[in-house]
Amino acid sequence: MTYGMFGESPMTLRVVFAGTPEFAVPCLEAVLAAGVECVAVYTQPDRPAGRGRHLQPSPVKQCALAAGIAVEQPETLKDEAVQARLAAYAPDLMIVVAYGLILPRAVLAIPRLGCWNVHGSLLPRWRGAAPIQRAILAGDSETGVDLMQMEAGLDTGPVLLERRTSINPDDTSAMLHDRLAALGGEVLREGLARVQRGAALPVTVQTVEGVTYAHKLDKAEALLDWHEPAAVLDRKIRAFNPWPVAEAEICGERVRIHAAEPVDASGEPGTPVRASRSRLAIACGSGALAILKLQRAGGRVIDAADYVNGRPELKR
């Protein structure tokens, strides 16, 4: 179902932006370039990072400060004083992109035009925290970004605009993340432009059919079982790159696998079936995986050839 929305006269929008990680930066940049009045940016509090565990500002905070925008970093949006401060900005619209805090109903009701969310999937598929990784794990051939009108439910609101992209056979989560982040900026830019010129935005209510949830990643999921098919393990390696990175045992040694590809070979799962100075393939439940890049405990990422040279007993 679709119907018109925001079909008002042209306006200068007062916008509050809420986001935290790198994924949200292209959307904030789209807001800053859109000719709207960005009155404040909300982002998560600074967190310890790096070897020194020093407090680090989020990528969104860094972008906002560089642009001279006021930054707010509340621990929660449930506090009445925090809600009153947000209301004092008198926003027409609040745009939320990977913010990381739940927006209570009271917050959703503050902006005159409500709250928008840029979400990295084609809703209703992959609602939730890890849509990029879950799409790769499931073997989806396509994904995208949706500009959604927010409701109280988890990613349940109607979709306003959408951008699609194919998931390529060699796509990692890092690669797909960057592509979707750019598409998010594009779809938000179009949405803001339409509202500014008084054009109607289509509103498509999400269907009940096809709802799936992208649960948060767990490190335990990244441990590979060589009895699974090579195609499944390949998807895990790509989905868990750059985090938490797939781990597996190769002839008694636990390693992290950063890149691999399925190959046509067979053998006892977990054993090398093709190892030489330049290639290492491990048999799986069906097929085999050619390891391309891996990392030994405490070491740097190396090519499979360097790993095999360090373990001559693997050569066949």
**Fill in**
Once phi for every residue in the stretch 212-223 is put through the Karplus expression 6.51 cos²θ - 1.76 cosθ + 1.60 (θ = phi - 60°), the whole-Hz ³J(HN,Hα) values, with Gly and Pro written as x, are 9, 10, 8, 5, 4, 5, 10, 4, 4, 5, 7, 7
**Request:** Select from the chain the helices, each a whole stretch of DSSP H, whose alpha-carbon atoms run 15 Å or more along the helix axis and whose Kyte-Doolittle mean is at least -0.5; answer none if there are none.
**Result:** 173-196
**Complete:** Per the helix-only model, the chain has a calculated mean residue ellipticity at 222 nm (DSSP H runs of ≥4, -39500 (n - 2.57) each, divided over all residues, rounded to the nearest 500) of -7000 deg cm²/dmol
**Taking Y42, Y307, Y213 and counting other C-beta atoms within 10 Å, the order from fewest to most** = Y213, Y307, Y42
**Request:** Just need the Rg to Rh number for the stretch 1-140, please, alpha carbons only, Kirkwood Rh.
**Result:** 0.99
**Part-to-part distance (alpha-carbon centres) for the stretch 223-243 and the stretch 37-98, which is given in Å** = 36
**Asked** Given G185, A130, I69, which one lies farthest toward the positive end of the charge dipole of the chain, if we put +1 on the Cβ of every Lys and Arg and -1 on the Cβ of every Asp and Glu?
**Response** I69
**Item:** Table column - 3J(HN,Hα) (Hz), the stretch 280-290, Karplus curve with 6.51, -1.76, 1.60, x for Gly and Pro
**Value:** 9, 10, 10, 5, 10, x, 9, x, 8, 10, 7
**Request:** Have a look at P48, A214, A200 and report the one farthest towards the positive end of the charge dipole of the chain, computed about the Cα centre with Cβ charges (Lys/Arg +1, Asp/Glu -1).
**Result:** P48
**Asked** Do the alpha carbons of any pairs in K61/K216; K219/K293; K61/K293 sit beyond 27 Å of each other, and which pairs?
**Response** K61/K293
**Fill in**
Under 5 Å from the placed amide H of A18, counting only residues 5+ away or on other chains, we find Y42, I95, V96, V97
**Prompt:** Going by how many other beta carbons lie within 10 Å of each one, how would you line up H177, H119, H54, H215, fewest first?
**Reply:** H54, H215, H177, H119
**Message:** Pairwise over distinct Cα atoms, reciprocal of the mean inverse distance: report the Kirkwood radius of the stretch 72-116 in Å, one decimal place.
**Reply:** 10.7
**the chain: relative contact order in percent, alpha carbon pairs under 8 Å with at least 6 residues between** = 16
**Request:** Using only alpha carbon positions, build the gyration tensor of the chain, then give the equivalent ellipsoid semi-axes as the square roots of 5 times its eigenvalues, largest first, whole angstrom.
**Result:** 44, 22, 15
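None of the figures in this text is laboratory data; all of them are computed from the coordinates on show. On a predicted model such as this, the values are computed, not experimentally measured, just so you know. Heads up, the Cβs are rebuilt from the backbone with ideal geometry, glycines too, and the neighbour counts pull from every protein chain shown.
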